[in-house]
Each structure stands twice: as structure tokens, then as C-alpha cells.
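**Q** Have a look at this one before I ask anything.
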Amino acid sequence: MRWRSKLGAPVGNPLAERCQERVRDLRLPPGEKLTIGELCAYVGTLRQRQVHIATLALPSAGPHGLWVSTDTLDYIFAEERLVPVHQQQVILHEIGHVVCDHDTSPVMTGDASRLLMPSLDPALVRRVMGREHGDSEAELEAELVGSLIGGLISTWNVHPTWTVPPEAREIAERLSSLESPVARDSA
């Protein structure tokens, strides 16, 4: 039998304990049921930078969500075609990356980045594309932090659309254009 703490994570697991501490350090308003938008505003205030959410059609073979951090803002992009509860978990997972302030590892040189995406800052490209995926500790940490926060705010939006802020439109269009819809034969 595994004991669980009040935050819902197993006790005695160093990763779980670290995640619980990160969520406690947020000092979310007790007893309040925050919406995802209110949570982003709260986290943005703590980080002294706005956190924006936008939904868009991401490539089917790609991730369901992305955290893009610039010098002054954080953007969380989530797949618009997900069912609302899954979309919320994806957004909470990305907020987990924000809360943990996960770093990235370089996946391409600055020159390669400028060649492929000339209008985007190479450091931004590395920050988005450089995170490990799958079962890495950062991904597990983001998932657990997001789940713990989700358990505390205990709400999910049935309205799955978040508008893309004007300053993020270019990157949203680039992400959406990475994959064209596949034409199917009607025969």
C-alpha cells in the first residue's frame, strides 16, 4: 500500500516530494476554485511575466502542448482538437514546466535555427524544441506538478478555445503550418 499526502502524491518518493513542495510554494489561494485563466494570471504575477494560453491545430505526430518562453512572456499552446478535460491536463502539464522553470538542451545551432526559422530568436527555438520528451524526469515532474495543481483548483473548462494573442500569432501560424492535412480518397 502506498500512502498519499493531502496533495495526492505518494509519500517517500523524492520526485513526488519535490513536486509537492513546488506546488506548496505557489501558495495558491486556499479554498478558491481557480479557472485555468486565473491560474495563469496568478502564476504570471509570481513570475512577474504574463502567461498566455492559445489553442491551435498542432501536427498530429507532435506534442499536444508546448511552452514557449520569451524574454518577457510565457506562452502555452495546446492542441485545439482535444476533448476539454484532456486539453486542460495538457495545459496544466505545460504550467508544470513553467512552475518548475525547466530548462532546455540545445537541439540545433543558432545558425541552423536562423536558417529554418529566420524570424524567431534562436534561443527561443532551442527553449521550445530542446526539452526532452517521454519519461524524462522533467516530463514526469511537469506532469505531477500539473496534476497536483489540477487537484487543488478542481475545475475544468468546457470551452476548449483560447485565443492567440496578437504578439504570438506568427509563432502560432508557423506551428500550425508544420503539417498539412492529409487528403483521403473518397473511393
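**Q** In the neighborhood of residue 93, defined by Cβ-to-Cβ distances under 11 Å, what is the net charge if each Lys or Arg adds +1 and each Asp or Glu adds -1?
**A** -4
**Q** Follow-up question, since we're still on this one. What is the extension gain from residue 25 to residue 70, computed as 0.36 nm multiplied by their sequence separation minus the C-alpha to C-alpha distance, in nm to one decimal?
**A** On the way: separation 45, 0.36 × 45 = 16.20 nm, distance 2.35 nm.
Contour length minus the Cα-Cα distance gives 13.9 nm.
**Q** Round to the nearest 0.05 the FRET efficiency obtained for residue 177 and residue 15 when R0 = 35 Å and r is the Cβ-Cβ distance.
**A** Calculated value: 0.45.
**Q** Let me ask something else about it. Please compute the Cα-Cα pair-distance distribution of segment 13-57 with 10 Å bins starting at 0, giving whole percents from short to long.
**A** 23, 42, 29, 5
Taken together, the values in this text are just the output of simple stated rules run on the coordinates, not laboratory data. The structure displayed is predicted, hence computed values, not measured ones. With ideal geometry, Cβ positions are generated from the backbone for all residues, glycine too; neighbour counts draw on all protein chains shown.
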